[in-house]
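Heads up, the thing below is written out as structure tokens.
The values are calculated or read from the model by the stated rules, or taken from the named source; none is laboratory data. Everything numeric here is computed off the predicted structure, so don't read it as measured data. Please note: Cβ atoms are built from the backbone with ideal geometry, for glycine as well, and neighbour counts cover all protein chains shown. Surface areas here come from the heavy atoms of the whole protein model, side chains and all, with no ligands, DNA or RNA. Shrake-Rupley method; radii C 1.70, N 1.55, O 1.52, S 1.80 Å.
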Amino acid sequence: MSGALDLPERPSIDLRRFDWPGPVAKAFGQDWVNPIVAIMGPQGGGKTTTCCMKGINAAARMTRCRDGVRRSKGLVVRDTDDRLYRSAVASWLSLVPKTAGDWEGGQGRPAKHTVRWQRPGEQIIELEVNFIAIGDQTAEDVMRGFEFSWLWINEGDRVAEDVLTYGVGRGLRYPAKSMLMPGEPEPSLMTMIDLNAPDVDSWFYSRFVENAQPGHKLYRQPGGRTPQAENLMNLPGGAEYYGQQVRLNASRPDWIRRMVDNEFGFSRDGEPVYPEFSDLQHVAPAPFEFLPHVPVVIGLDAGLHPAAVFTQTTPKGQVRVPAAIAPGRMGPTRFLEIMQRFIAERVPSNCRLMAYADPSSDTGADKKGGEYTWLETMMIGLQIPITPAPSNEPSIRIDAVRQPLTTLIDGQPGFLLSPSCKVLRRGFNSKYCFVRVRGVNGDTYRDTPDKTDESHAHDALQYACLGTRGRYGVIRNDRPGYAGAPARTVVPQMRVKL
């Protein structure tokens with residue numbers, strides 16, 4: 001925004017000096033296409049100040065009223081009064097002091113700040129900002145009667161989803177259509193949310209990440225310990241600010257993960273199997289397809305909840321996961337039909353296919369009676385070589401995935417997951433975990449991951465990675481195809497005549 005708040009007998013506040021905390025915050029602040037935008041970042045990332053500036057810019061963009069004034073009302077919502085004043089109100093008043101406009105309310109009550117300014121050569125802009133806390137009330141009760149132009153949900157993961165639902169429903173109520181200048185474009189909906197990384201159980205994760213809704217856009221700032229961290233120029237000590245936070249909270253890796261590294265929170269029920277996983281680093285920005293002419297290795301988990309994970313290893317050694325199938329409870333025949341259709345529709349015909357399955361899937365059939373095992377049923381139906389994975393030892397299987405997670409190849413992650421693989425992503429982000437066992441001498445964790453909806457897909461991923469690398473390759477930490485690693489080709493032998 002250009003120009004200054006300039007009222008007679010009021011202080012002039014030049015907002016042209018405002019610097020966006022970083023490129024992600026700037027992109028969020030200048031997004032006028034998506035009606036619902038969110039900025040998620042580490043503590044100290046400048047998110048609330050960025051939202052204040054976006055609200056001011058929204059006022060300057062408002063459609064003129066018939067008298068030429070650009071009028072707008074903003075509604076700022078938080079869970080409690082004390083948090084509202086410590087966060088959103090404090091940031092707002094750091095940009096626009098009370099004396100720059102008319103301030104009403106506060107001290108445990110809803111507050112309102114009305115400011116007017118005029119940009120050089122342009123009409124007057126009038127902005128009314130209302131600050132309210134939900135408290136013990138419902139979102140419907142608090143918002144009933146409010147008519148506003150834009151909505152800001154401060155620390156969105158701390159409020160109920162209904163705040164967004166009812167808020168969107170009451171947006172664009174001001175100015176009334178009869179007040180607007182005829183012939184000019186009508187204003188568009190603008191709702192913004194700021195927050196630290198929430199747990200995967202939150203409504204925000206479901207609505208913005210796992211099942212991203214139309215018109216929703218999430219902007220994720222880099223972690224505080226990365227070279228790309230934002231707002232360092234405004235933090236005491238610069239980059240050292242986050243270093244100190246990490247040292248002082250070394251006993252709280254879950255807090256560091258969310259508040260410093262901007263990663264989704266751990267499950268409260270256990271310890272994640274892959275704490276090395278970074279959603280920012282290991283998940284691609286957008287879904288990707290299979291690479292042509294690159295072999296596809298499928299991991300298969302059998303049982304009542306079968307799963308298949310499709311992997312490709314690039315010539316340099318990066319493990320890519322473009323797709324996964326975890327349809328829930330079903331028998332082998334139905335699962336086979338889903339696999340056949342998927343391979344025919346999605347996997348390039350020039351990709352060689354092979355698979356590694358749960359070793360236990362090759363047992364249990366009455367072979368003298370002519371029965372096929374689960375593995376043999378898949379192999380005959382898919383017409384591809386399938387062999388039992390080299391081991392079912394949990395530690396070896398987990399290491400087969402952990403190794404590419406902790407590898408960088410030419411500055412790129414050694415493991416890349418497509419965001420379309422929702423079950424795998426949710427498991428990585430904490431739902432695939434070692435169960436916490438509480439005892440008189442403190443908490444301990446089981447040696448094997450808990451059996452959950454996410455565990456079946458993760459078992460399949462482990463079989464694919466273990467099969468690709470081989471048991472001794474995992475022990476030696478070989479990286480197939482990576483420069484300097486011993487060349488190794490795994491060719492499964494057909495076990496049933498097709």
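Points worth noting:
- Counting charges near Phe428 (Lys, Arg +1; Asp, Glu -1) among other residues having Cβ under 13 Å from its Cβ returns a value of +1.
- Hull volume per residue, based on the alpha-carbon atoms of region 170-263 and their convex hull, is 164 Å³.
- Over region 105-163, the reciprocal of the mean inverse Cα-Cα separation, the Kirkwood hydrodynamic radius, stands at 13.7 Å.
- Rg [Å, one decimal], Dmax [Å, integer] - region 291-372, C-alpha atoms: 14.3, 47
- Karplus-derived 3J(HN,Hα), 6.51/-1.76/1.60, for each residue of region 376-387, Hz, glycine and proline x: 5, 4, 5, 5, 5, x, 8, 6, 9, x, 10, 9
- 3J(HN,Hα) from dihedral phi, region 165-171, Karplus parametrisation 6.51/-1.76/1.60, rounded to Hz, x for glycine, proline: 4, 6, x, 4, x, 9, x
- Spread of Cα-to-Cα distances over 5 Å intervals beginning at zero, given as percent, for region 160-316: 1, 6, 11, 13, 13, 14, 13, 10, 8, 5, 3, 2, 1, 0
- Remark: accessible surface ordering of Tyr219, Tyr166 (largest first) is Tyr166, Tyr219, probe radius 1.4 Å.
- On the beta carbon distance between Leu189 and Arg471, with R0 = 60 Å, the FRET formula returns roughly 0.60.
- Enclosed volume per residue, in Å³, of the convex hull spanned by Cα atoms of region 15-166: 128
- Dividing the summed helix terms, -39500 (n - 2.57) for each DSSP H run of n ≥ 4, by the number of residues in the chain produces a 222 nm estimate of -7000 deg cm²/dmol to the nearest 500.
- Rough spin-label spacing in nm, given labels placed 7 Å along Cα→Cβ, for Cys351 and Thr99: 6.6
- Over all orientations, the chain has a Cα convex hull whose mean projected area works out to 30.1 square nanometres.
- With a Förster radius of 45 Å applied to the C-beta separation of Asn234 and Arg334, the computed FRET efficiency comes to 0.20.
- Relative to the current alpha-carbon distance between Ser360 and Phe342, full extension at 0.36 nm per residue lengthens the span by 4.0 nm.
- Put a dot 7 Å past the Cα of Ala27, heading toward its Cβ, do the same for Leu408, and the two dots end up 2.1 nm apart.
- Relative contact order [Cα under 8 Å, 6+ residues apart], the chain, whole percent: 14
- Inter-probe distance in nm under a simple model that places probes 7 Å from Cα toward Cβ, at Asp141 and Glu393: 6.0
- The equivalent ellipsoid that matches the C-alpha gyration tensor of region 273-338 spans semi-axes of 25, 16, 11 angstrom, in descending order.
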